[in-house]
Amino acid sequence: MLLFDLDETLIHVKRDTGQLKNDAFEPEVSLPVFDPESGLYIKTLFSVRPYARKCLEFANKYFEVGIFTAGNSWFADPIISYLDPKGTLIQHRYFRQHTSLLGSGDTEEGSFLAKDLTILKGEVSLDDILIIDNNIYSFAFNLENGIPVNDYLGNKNDKALLQVMNYLNYIKDFENLRVENEKVYELKMIFDT
């Protein structure tokens, strides 16, 4: 199974917080998303990382593919459906409710959300899972399974997913993806030293 993070891995969302007034990023997609907390539709502006669909298509030749995002399902689902309008590229969806809050206290302030792959126990072995994410702390519980990528912030010349496809082509035939991935990235070894 191959899991992709969403925001800043496959897409970049323009957040209308007022603090980004000088931001040069211009999103290509505008999508109305219903916010159940406010009861309103919000205009979601985002760009899709170059080669995202091509990478998803390539990944589907060799893996079951899923999205594992720290975003709320009500926000992420419409974006995932935009990426995969026919429902053929993304077989699994995991959201904020599937993450673990780590840090000090019960609030997100001063904490972070980790994507603990052991929630998939029974579905698939950890030896058969890889997760592609721009935040290494997101897969802190499963460093051997992680494929780190640079943040996608809207650069139309970004080629990170071409590199991911090359790596997937290399690793796809190994019996134990986790062991081989750790040999390449050595994230657990670095952390343990």
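The values are calculated or read from the model by the stated rules, or taken from the named source; none is laboratory data. The structure presented is a predicted model; accordingly, all values stated were derived computationally and were not measured. Cβ sites come from the backbone with ideal geometry, for glycine too, and all protein chains shown count toward neighbours. The accessibility values were calculated without ligands, DNA or RNA, using every heavy atom of the protein model including side chains. Shrake-Rupley method; radii C 1.70, N 1.55, O 1.52, S 1.80 Å.
Some observations on this one:
- Residue that is at pLDDT below 95 and either of a type in the set (A, V, I, L, M, F, W, C) or crowded, with 16+ Cβ neighbours inside 10 Å (or both), where the choices are F25, F4: F25
For (1) in contact (Cβ under 8 Å) with a residue 60 or more places away in the chain; (2) among the acidic types (D, E), each residue gets a yes or a no:
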| residue | (1), (2) |
| --- | --- |
| V33 | no, no |
| K43 | no, no |
| R49 | yes, no |
| K61 | no, no |
| F68 | yes, no |
| P85 | no, no |
| R96 | no, no |
| F112 | no, no |
| D127 | no, yes |
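- Listed conditions (1) open to solvent by less than 70 Å² (accessible area, probe 1.4 Å); (2) closer than 30 Å to D128 by Cβ; (3) part of a loop (DSSP other than H, G, I, E, B) are all met by S38, apart from (2).
- Among the residues of segment 41-92, the ones that are outside any helix (DSSP H, G or I) and either surrounded by 17 or more Cβ atoms within 10 Å (Cβ to Cβ) or not aromatic (F, W, Y) (or both) come to 30 in all.
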